[in-house]
Amino acid sequence: MSQRDIKKVVRQHKELEDFYTGGFSVKGKAPARAAAKSSQDDGGEMDKLVKEMCECCQCSLGGTRSNCVPGEGNIHAQLVFVGEAPGADEDEQGRPFVGRAGGLLDKIIAAMGLGREDVYICNVLKCRPPDNRDPKPEEIIRCMPFLQRQLDIIKPKIIVALGAHAARTLLNNNMPIGQMRGKFFDYYTSSGFGPIKLMPTFHPSYLLRNYSDDNRRLVWEDMQKVMAELGLKKKK
Ligand code: URA
């Protein structure tokens, strides 16, 4: 390996570390700090929807949850992250991504020059599946309309689908996440708004379970594409 190649690898590694520790500074205006969308404030509509979610008992998870986890963040956000389902920490607190996976998601969001207050974070399922098992198809079918309505209220510019369950549910396919990630897909809301660009990427829990620079680099590359779409530039 030449000195030049070695320097390149070292630089890439440093960039990767910076990404996951929030060391990047980002040029440009964070989307949520930009002017709110011209549409009227739909906070009332979201509040009504949240109430509906939290009263929902359409599947058995309604009987086993401690708290419903509807989602949280900026309803005028240009960027929405969609995960799979609440885990134990989320069930306890009623908030999405507050456990270990949430810690990593926070770092990813920070590295993009954003904060939780700039984005919206939610899940396909609003209630925790016992023992963190995979969501069942019937649970997804019952819960999906809530997610569709959330996305229709927010009308973001970009959706990041975290993991196979979120990507498959939103794109209505059965593809492996490894084949979907890194590419933008078109998503239309239930009222036909769109196309919204949807980027599938690996779930933070997967990154924690399968710790490797390669996986982390792939997510970083995916987020750079999202940043480019949002006009957020990494400083040289
Ligand atoms: N994993 C998810 O998919 N969602 C959460 O809210 C937490 C962990």
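Looking at (1) exposed (fewer than 14 other Cβ atoms within 10 Å of the Cβ); (2) closer than 24 Å to ALA85 by Cα, can you tell me which one TRP220 breaks?
(1)
Go through (1) more than 12 Å from the ligand (Cβ to nearest atom); (2) assigned to a loop (DSSP other than H, G, I, E, B); (3) buried (at least 16 other Cβ atoms within 10 Å of the Cβ) and name the single condition VAL80 misses.
Exception for VAL80: condition (2).
In this structure, does LYS136 turn out to be basic (Lys, Arg), more than 9 Å from the ligand (Cβ to nearest atom) and under 13 Å from the mean Cα position of the chain (by Cα)? Even if it seems obvious, please write down each step before you answer.
Numbers: basic (Lys, Arg): yes; more than 9 Å from the ligand (Cβ to nearest atom): yes; under 13 Å from the mean Cα position of the chain (by Cα): no.
No.
Evaluate the following for MET180: is it without any contact (Cβ under 8 Å) to a residue 24 or more places away in the chain and either touching a Leu at 6+ places or on another chain (Cβ under 8 Å) or at positive phi (or both)? Spell out how you get there, then give the answer.
Values: without any contact (Cβ under 8 Å) to a residue 24 or more places away in the chain: yes; either touching a Leu at 6+ places or on another chain (Cβ under 8 Å) or at positive phi (or both): yes.
So MET180 fits the description; yes.
Any residue in segment 29-48 that is within 16 Å of the ligand (Cβ to nearest atom) and at pLDDT 95 or above? Can you show your working first?
Of all residues in segment 29-48, those within 16 Å of the ligand (Cβ to nearest atom) come to none.
No, segment 29-48 contains no residue that is within 16 Å of the ligand (Cβ to nearest atom) and at pLDDT 95 or above.
Regarding MET144, is this residue at pLDDT 95 or above and in a loop (DSSP other than H, G, I, E, B)?
On the way: at pLDDT 95 or above: yes; in a loop (DSSP other than H, G, I, E, B): no.
So MET144 does not fit the description; no.
Just the residues that are surrounded by fewer than 24 Cβ atoms within 10 Å (Cβ to Cβ), within 12 Å of ASN67 (Cα to Cα) and either within 9 Å of the ligand (Cβ to nearest atom) or modelled with pLDDT under 95 (or both), please, taken from segment 92-103.
Answer for segment 92-103, where residues must be surrounded by fewer than 24 Cβ atoms within 10 Å (Cβ to Cβ), within 12 Å of ASN67 (Cα to Cα) and either within 9 Å of the ligand (Cβ to nearest atom) or modelled with pLDDT under 95 (or both): just ARG95.
How about segment 185-236: which of its residues are within 16 Å of the ligand (Cβ to nearest atom) and hydroxyl-bearing (Ser, Thr, Tyr)?
THR201, SER205, TYR206
With the structure loaded, tell me whether PRO156 is crowded, with 20+ Cβ neighbours inside 10 Å and more than 19 Å from ASP89 (Cα to Cα) or whether it fails that test.
yes
Identify all residues within segment 109-128 that are surrounded by fewer than 23 Cβ atoms within 10 Å (Cβ to Cβ) and in a loop (DSSP other than H, G, I, E, B); write none if there are none.
Correct list: GLY115 only.
Take the residues of segment 50-64 that are farther than 12 Å from CYS143 by Cα and of a type outside the set (Val, Ile, Thr): which is surrounded by the most Cβ atoms within 10 Å (Cβ to Cβ)? Talk me through it step by step, then tell me what you get.
Taking segment 50-64 and keeping what is farther than 12 Å from CYS143 by Cα, we get 50-51, 55, 63-64.
Then drop every residue that is not of a type outside the set (Val, Ile, Thr), which leaves 51, 55, 63.
Details: LYS51: 12, GLU55: 9, GLY63: 8.
The selected residue is LYS51.
Quick one: in segment 141-176, which of the residues that are within 24 Å of SER66 (Cβ to Cβ) and within 13 Å of the ligand (Cβ to nearest atom) is farthest from the chain's Cα centre (by Cα)? Walk me through it before giving the result.
As a first pass, look at segment 141-176 and keep what is within 24 Å of SER66 (Cβ to Cβ): 141-147, 149-150, 162-163, 165-166, 169.
If we keep only those that are within 13 Å of the ligand (Cβ to nearest atom) as well, we get 143, 147, 162-163, 165-166, 169.
Numbers: CYS143: 17, LEU147: 12, LEU162: 5, GLY163: 9, HIS165: 12, ALA166: 9, THR169: 13 Å.
My answer is CYS143.
The values are calculated or read from the model by the stated rules, or taken from the named source; none is laboratory data. All values derive from a computational prediction rather than experimental measurement. Heads up, the Cβs are rebuilt from the backbone with ideal geometry, glycines too, and the neighbour counts pull from every protein chain shown.
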